[in-house]
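Undergrad: Here you go, one structure.
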Amino acid sequence: MSIADVCVVACAEAWRGDGEVLASPMGVIPTLGAKLARATFSPGLLLSDGEAFLMHENGIEGWMPYRQVFTVVASGRRHVMMGASQIDRYGNQNISCIGDWARPKSQLLGVRGAPGNTINHPTSYFVPNHSPKVFVENVDMVCGIGYDRGAFEIRVVVTNLAVLDFDTPSHEMRLRSVHPGVAVEAVVEATGFKLSIPDSVPITREPTESELAIIDRLDPSKQRESQLPRP
Amino acid sequence: MDDKVLTADEVVGELSDGMTIGIGGWGSRRKPMALVRAILRSDLKDLTLVSYGGPDVGLLMAAGRVKRVVCGFVSLDSIPLEPHFRRGRQEGTIELTELDEGMLYWGLLAAAHRLPFLPIRAGLRSDVMRVNPELRTVRSPYPDDEEFVAMPALKLDAALIHLNRADARGNGQYLGPDPYFDDLFCLAAEKRYLSCERLVPTEELTGPPQSLLVNRMMVDAVVHTPNGAHFTSCVPDYGRDEDFQREYTQTPWPEFHAKYLAGSEADYQAAIA
């Protein structure tokens, strides 16, 4: 079992209880998580091939071109897991650019669908490099809106160190669990704002043997291991 | 009306400086690249591009033809960040209207329907509203009283799209998995230009009827451009040329231009063969 495996399971847990909704994971580890969730405790999830087809284990089960994705977004029957170049304590997320928007120091992806996703349906995030550069007091460009701006639901933020949520009275970010071998202090140090820390912080659950077997079947070349920074 | 076939250079001859041009496809997928290359051979400048942006935006920016980009992203898909778009933004050489992807769709839909705007939730309370201060909101006149972004119509002077098959009258067919928004780009535009992999007699536009994405009242001219989406994908005719796309991102612009873009479309196709 590796930290990447723990992250896959933590991502899968984000979709627990979601029923028949479109799961839209961005990146290798969130995609493995969504597939694992469907193969185990969330069999209702719908998954696309990244193009226009909805894929079941045995092949194509539906057609979902981009224009229909936007209708599903507006309908609310979707739970996306995006990346975040920056994220703040309320879950405001930035993937557009770093620095002043008018003339950015570093132009990144653009806002993409983040404003529409976060106002319409549940959103989670995966951050492979938990650091004060990502977890900031204020993001440079609010793409995905946070709870203080009326987000529909930010479910969890999964990182290489921990799982975070917004289960506090003010919807400020809280440490839900630390991954095996990670100290609470390490998460605090890697976060550029004051995290809500419960008195007792549990350890993120480890994959079961059957989950590990499924992850290995889904990712035999262990692509997931190259997604996290080297310790 | 039975023969709308033009050359790519003739199409570009109908465009003018300062136009707002919508470009079909998505990212690095089914882009009308032969038409983009024809623009690169012309003197056109100060263009406003409306696009689910890919190398179409990057090439035109690198060549200094772009005043403003209206988009939700510019990406090469397998290579997430477009190098020329990045440089243009970081050096402040272009203006940007940055919208949520769904807002772009809604703006095209509003223009296609001759509506001044359409209401949408996407964008509300995000910094899209901050960086586009001209955007307005609207309240539902019904008891819910909900507030929406009033996404303005994105009216286009011209639309450029690329499909797998077309006839000389301007009926066009896509054979890949996704129509993207190519029909809407045509419906939102004054002048509509369709390039195609294969120009066929109308009776050879066979296959599922729902693959006939655009019809002749939506198209003013047709251009036969085999391999015309290169290096973006145009499945099932061909996939993305990943090696070439990598070369595009790694080669200094003057060198890339001299090697591939200084001559005609035939020279380009010979150079990549």
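Undergrad: Identify, please: which residue in segment A:95-105 is at negative phi and open to solvent by less than 30 Å² (accessible area, probe 1.4 Å) and is, among those, farthest from the other protein chains (Cβ to nearest Cβ)? Step through it out loud before you land on a result.
TA: Taking segment A:95-105 first, the residues at negative phi are A:95-98, A:100-105.
Add one more test, that the residue is open to solvent by less than 30 Å² (accessible area, probe 1.4 Å), and what stays is A:95-97, A:104.
On the way: A:95: 9, A:96: 7, A:97: 7, A:104: 6 Å.
The qualifying residue farthest from the other protein chains (Cβ to nearest Cβ) is A:95.
Residues are listed down the side, and each one gets a yes or a no for (1) loosely packed, with under 15 Cβ neighbours inside 10 Å; (2) modelled with pLDDT of 95 or more; (3) outside any loop (DSSP other than H, G, I, E, B):
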| site | (1), (2), (3) |
| --- | --- |
| B:222 | no, yes, yes |
| B:236 | yes, yes, no |
| B:246 | yes, yes, yes |
| B:258 | yes, yes, yes |
| B:270 | yes, yes, yes |
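Undergrad: So, in segment B:49-107, of the ones that are surrounded by 24 or more Cβ atoms within 10 Å (Cβ to Cβ) and among the β-branched types (Val, Ile, Thr), which residue ends up nearest to the other protein chains (Cβ to nearest Cβ)?
TA: B:74
Undergrad: Which residues, taken from segment A:187-205, are surrounded by fewer than 15 Cβ atoms within 10 Å (Cβ to Cβ) and either under 21 Å from the mean Cα position of the chain (by Cα) or within 26 Å of residue A:138 (Cβ to Cβ) (or both)? Lay out the reasoning, then the answer.
TA: We begin by selecting, within segment A:187-205, every residue surrounded by fewer than 15 Cβ atoms within 10 Å (Cβ to Cβ); these are A:188-189, A:194, A:197-200, A:202-203.
A:188, A:189, A:194, A:197, A:198, A:202, A:203 - these are the residues of segment A:187-205 that are surrounded by fewer than 15 Cβ atoms within 10 Å (Cβ to Cβ) and either under 21 Å from the mean Cα position of the chain (by Cα) or within 26 Å of residue A:138 (Cβ to Cβ) (or both).
Undergrad: Report the residue count in segment A:109-122 for those that are facing chain B (nearest Cβ under 7 Å) and in a loop (DSSP other than H, G, I, E, B).
TA: 5
Undergrad: Within segment A:142-222, considering only strands (runs of 3 or more DSSP E) that don't extend past its boundaries, which have at least 2 residues that are in contact (Cβ under 8 Å) with a residue 60 or more places away in the chain? Even if it seems obvious, please write down each step before you answer.
TA: Working: elements: A:153-159, A:162-165, A:174-178.
Qualifying strands (runs of 3 or more DSSP E): A:153-159.
Undergrad: Is it true that some residue in segment A:125-138 is within 14 Å of another protein chain (Cβ to nearest Cβ), outside any helix (DSSP H, G or I) and under 17 Å from residue A:193 (Cβ atoms)?
TA: Checking segment A:125-138: at least one residue is within 14 Å of another protein chain (Cβ to nearest Cβ), outside any helix (DSSP H, G or I) and under 17 Å from residue A:193 (Cβ atoms).
Undergrad: Next question. Taking helices (runs of 4 or more DSSP H) that fall entirely within segment A:1-100, which contain at least 3 residues that are small (Gly, Ala, Ser) and either over 22 Å from residue A:223 (Cβ atoms) or in contact with a Gly (Cβ under 8 Å, 6 or more places away or on another chain) (or both)?
TA: Here the list reads A:3-14.
Undergrad: If I filter segment A:166-173 for residues that are open to solvent by less than 40 Å² (accessible area, probe 1.4 Å) and in contact with a Leu (Cβ under 8 Å, 6 or more places away or on another chain), do I get at least one hit?
TA: Yes.
Undergrad: If you don't mind, another one. Consider segment A:57-79. How many of its residues are away from chain B (no Cβ under 12 Å), in contact with a helix residue (DSSP H, G or I) (Cβ under 9 Å, 6 or more places away or on another chain) and surrounded by fewer than 18 Cβ atoms within 10 Å (Cβ to Cβ)?
TA: Qualifying residue count for the region: 1.
The values are calculated or read from the model by the stated rules, or taken from the named source; none is laboratory data. These numbers were taken from a predicted model, which means no experiment stands behind them. Here Cβ is always computed from backbone atoms with ideal geometry, including for glycine, and neighbour counts include all displayed protein chains. These accessible areas exclude ligands, DNA and RNA; they are computed on the full protein's heavy atoms, side chains included. Shrake-Rupley method; radii C 1.70, N 1.55, O 1.52, S 1.80 Å.
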